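Just below is one structure, and these are the notes that go with it.
The values are calculated or read from the model by the stated rules, or taken from the named source; none is laboratory data. None of the values given here were measured: they were computed from a predicted structure. Positions of Cβ are generated from backbone atoms using ideal geometry, with glycine treated the same way; all protein chains shown enter the neighbour counts.
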Amino acid sequence: MTFALDLDAYFARIAYHGPRAPTLAVLHAITAAHAQSIPFENLDVLVGRPIHVEIEAIVPKLVTARRGGYCFEQNALLLHVLGRLGFVAAPLSARIRLQRPRDFIPPRTHLFVRVDLEGEVWVTDVGAGSASLTSALRWDDRGEEQATTHEPRRIVRENDRWFHQVRYGSEWQDVCEFTGEEMPLIDRVLANWYTSAHPDSSFRARLTVARALPEGRRLTILNRDFTVRERDGRGETRTTASAEELLAVLTESFGIAFPGSASELEAILAALPPQPSRMA
């Protein structure tokens, strides 16, 4: 049986009131609205709640309960919505490389979305944390800079690999690496198990929350640190003094409630290893 997503509820969740035709303008607009409304977050991983990647579980969490999630939830929801609107869309796999050296091989545990539209191929990604897209990107081998409502982006090809890159100031940084291989549900189930349950997963070692704001700004949380970032990557960071203060930031700046008490959050934060300075 096909899951019947309430599109009106989804569009209310992301505060989108525009047209619903499968056009490039709509793809850009929904990408921006989603990234600005549904935060990236890994709270359930840290409290030991299972992450389910089936759309039947994602909608009650991200839409009804107004929580956030990570790529397997965020982009699966977007993929489902695009399909309902008549877009020709497919799930693709990738390796997240943000702030990772090229000689490091990260696991292939990222999901993003390909869209075939009017003879061109586009990609969108609302599940990459502080580097989530707010506009779709044209996927071709020209390597040209592409404007978004936030940072400039580009897609470059190196041999048989593609790299989605973001420019902060004058510096290009890898966001993710991909080959174009599709990521069916069973592959997402396996990758999600690693991301949420494997002892070496970075999502078990840090609290990370991110949300895009209008006019190019972004908000991020990394453990106790709350940062407001500008379009060029510059940011102002303050360290929250208590679990209660961090809970207030989660509610007021991200619109989400921690699924537990302040004392539980404090115990989780105390057990996390020290983190290098990096974006969420």
Count of segment 215-267 residues which are on the phi > 0 side of the Ramachandran plot, under 18 Å from the mean Cα position of the chain (by Cα) and not small (G, A, S):
1
Just one of (1) buried (at least 20 other Cβ atoms within 10 Å of the Cβ); (2) touching a helix residue (DSSP H, G or I) at 6+ places or on another chain (Cβ under 9 Å) trips up N75, so point out which.
(2)
Restricting attention to segment 236-254, does a residue exist that is part of a helix (DSSP H, G or I), more than 16 Å from G68 (Cβ to Cβ), out of contact with any Phe, Trp or Tyr (no Cβ under 8 Å at 6 or more places or on another chain) and not aliphatic (A, V, I, L, M)?
yes
Test set (1) within 22 Å of F11 (Cβ to Cβ); (2) in contact (Cβ under 8 Å) with a residue 24 or more places away in the chain - S93 fails condition number
(1)
Per-region count, segment 130-148, residues in contact with an Asp or Glu (Cβ under 8 Å, 6 or more places away or on another chain) and of a type in the set (V, I, T):
0
Within segment 1-50, how many residues are of a type outside the set (S, T, N, Q) and under 23 Å from V123 (Cβ atoms)?
27
Can you go through P259, P273 and tell me which one is surrounded by fewer than 13 Cβ atoms within 10 Å (Cβ to Cβ), outside any helix (DSSP H, G or I) and touching a residue at least 60 places away in the same chain (Cβ under 8 Å)?
P273
Does P22 satisfy being in a loop (DSSP other than H, G, I, E, B), closer than 28 Å to E215 by Cα and in contact (Cβ under 8 Å) with a residue 40 or more places away in the chain?
yes
For I221, which of the numbered conditions (1) of a type in the set (A, V, I, L, M); (2) surrounded by 17 or more Cβ atoms within 10 Å (Cβ to Cβ); (3) under 30 Å from H80 (Cβ atoms); (4) at pLDDT below 95 fails to hold?
(4)
Can you work out which of the residues in segment 13-37 that are of a type in the set (V, I, T) and under 15 Å from the mean Cα position of the chain (by Cα) is surrounded by the most Cβ atoms within 10 Å (Cβ to Cβ)?
T31
Pairs with Cβ under 8 Å, 6+ apart, first in segment 146-160 and under 15 Å from R102 (Cα atoms), second assigned to a strand (DSSP E or B) and at pLDDT 95 or above
V156/W162; V156/F163; V156/Q165; R157/F163
Any chance segment 4-11 includes a residue that's surrounded by 17 or more Cβ atoms within 10 Å (Cβ to Cβ), within 28 Å of P273 (Cα to Cα) and out of contact with any Asp or Glu (no Cβ under 8 Å at 6 or more places or on another chain)?
no
Might you check whether a residue that is surrounded by fewer than 21 Cβ atoms within 10 Å (Cβ to Cβ), at positive phi and of a type outside the set (A, V, I, L, M) occurs anywhere in segment 38-54?
yes
Failed item in (1) touching a strand residue (DSSP E or B) at 6+ places or on another chain (Cβ under 9 Å); (2) over 27 Å from R95 (Cβ atoms); (3) of a type in the set (D, E, K, R); (4) at pLDDT below 95, with R238 passing the rest:
(4)
Just a yes or no: is a residue in segment 138-161 loosely packed, with under 15 Cβ neighbours inside 10 Å, closer than 30 Å to T237 by Cβ, hydrophobic (A, V, I, L, M, F, W, C) and over 18 Å from the mean Cα position of the chain (by Cα)?
yes
What number of residues within segment 168-203 are closer than 30 Å to T240 by Cα, modelled with pLDDT of 95 or more and among the charged types (D, E, K, R)?
1
